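Report on one structure; see the data block that follows.
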Amino acid sequence: QQPVQSPQAVILREGEDAVINCSSSKALYSVHWYRQKHGEAPVFLMILLKGGEQKGHDKISASFNEKKQQSSLYLTASQLSYSGTYFCGTEPPGSGGSNYKLTFGKGTLLTVNP
Amino acid sequence: KAGVTQTPRYLIKTRGQQVTLSCSPISGHRSVSWYQQTPGQGLQFLFEYFSETQRNKGNFPGRFSGRQFSNSRSEMNVSTLELGDSALYLCASSLVVRSGTQYFGPGTRLLVL
C-alpha cells in the first residue's frame, strides 16, 4: 500500500519553514526519507524506526508516530539547496527478508525561492 | 568508494522489443533493488535481490524480470516492451536488507516508441 504524502507541492521563500507529512493505512516498521533534485537520483536523508523517535539532519528533522502510522519531515529555515522532491518510503513490520519492501509515496515538490 | 553505476544511461526502443538494464552496486553491498519512476506514479518497487535470490517482487507483470550475479551485479529485463514502460529505471544498493540506507544509481531512462 503506497503511503500518502501531503502536501503535493509547496513553495517557500528562503528562511521559511515547511512540514511534509507521510501517512500509511498499514502498520509500519520504519519510515525512510529521500530527496531527489531534478535530473538526479534520490539521496538518503534519514531513517526512522518504530518507537516515535525524532531524528535530525542539519536543519531537517523528522518524527515517526507509530500509533498514527505517520511521519513528518520538518524543514527549518529553508535554504535554496532544499529544493527538490521529497519522498517517504515505508517498510512493513515482520521478520524475514521476504517482507523487505520499501514502498514510496508519490513525493512532495518543494521549491525554495530567494 | 565508487557509487552505484547503471548502464546504459539512455535507451530508445520500439514496442515489442526487449531490453536489458545493468546495475553495479557499491562494493560490499549485497542487496539490490529496482524501481520504476514515472511522473504519474512516482517510485514503484519492482524487485529486490540478495545473494542472487529474488526476495521480494512488486506488482508488475511477468514481462519484468531480473537476476543477480555472484558479484552482486544485477540485471533487469523487460520483454515485449509497451509504450507505458517508458520511465526512469533506478537501481539501489544497500549494505543490509532490513531498514538499510538505499544508495541510488543515476538511472536508465528508457523511451519506448
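No lab work stands behind these numbers, since they all come straight from the coordinates. Small disclaimer: the values here were computed from a predicted structure and weren't measured. A quick note on method: Cβ atoms are made from the backbone with ideal geometry, for glycine too, and the neighbour counts reach across all protein chains shown.
Here are the numbers:
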{"read-out": "Label-point gap, in nm, between A:Asn113 and B:Thr38 - each point 7 angstrom along Cα→Cβ", "value": "3.2"}
{"read-out": "Among B:Tyr49, B:Ser86, B:Tyr35 - extreme Cα towards positive end, dipole of the protein assembly as shown, charges at beta-carbon", "value": "B:Tyr49"}
{"read-out": "Dipole magnitude of the protein assembly as shown, debye to nearest 20 (Cβ charges: Lys/Arg +1, Asp/Glu -1, about Cα centre)", "value": "400"}
{"read-out": "Approximate spin-label separation A:Arg13-B:Arg73, in nm, with each point projected 7 Å along Cα-to-Cβ", "value": "5.3"}
{"read-out": "Most positive-pole-ward Cα, B:Leu95, B:Asn59, B:Leu110, against dipole of segment B:35-113 from beta carbon charges", "value": "B:Leu95"}
{"read-out": "Residues of type lysines that A:Lys106 reaches as a straight line, Cα spacing below 25 Å, ignoring anything fewer than 8 places off in the same chain", "value": "A:Lys26, A:Lys37, A:Lys50, A:Lys55, A:Lys59, A:Lys67, A:Lys68, B:Lys57"}
{"read-out": "Within a Gaussian network of chain B (alpha carbon springs, distance under 10 Å), most fluctuating of B:Leu90, B:Leu21, B:Leu43", "value": "B:Leu43"}
{"read-out": "Cα gyration tensor of segment A:13-88 - equivalent ellipsoid semi-axes, whole Å, descending", "value": "22, 14, 10"}
{"read-out": "Dipole-positive endmost among A:Gly89, A:Tyr34, B:Gln68 within the protein assembly as shown (Cβ charges, Cα centre)", "value": "B:Gln68"}
{"read-out": "Principal axis dimensions, the protein assembly as shown - Cα atoms, whole angstrom, descending", "value": "48, 40, 36"}
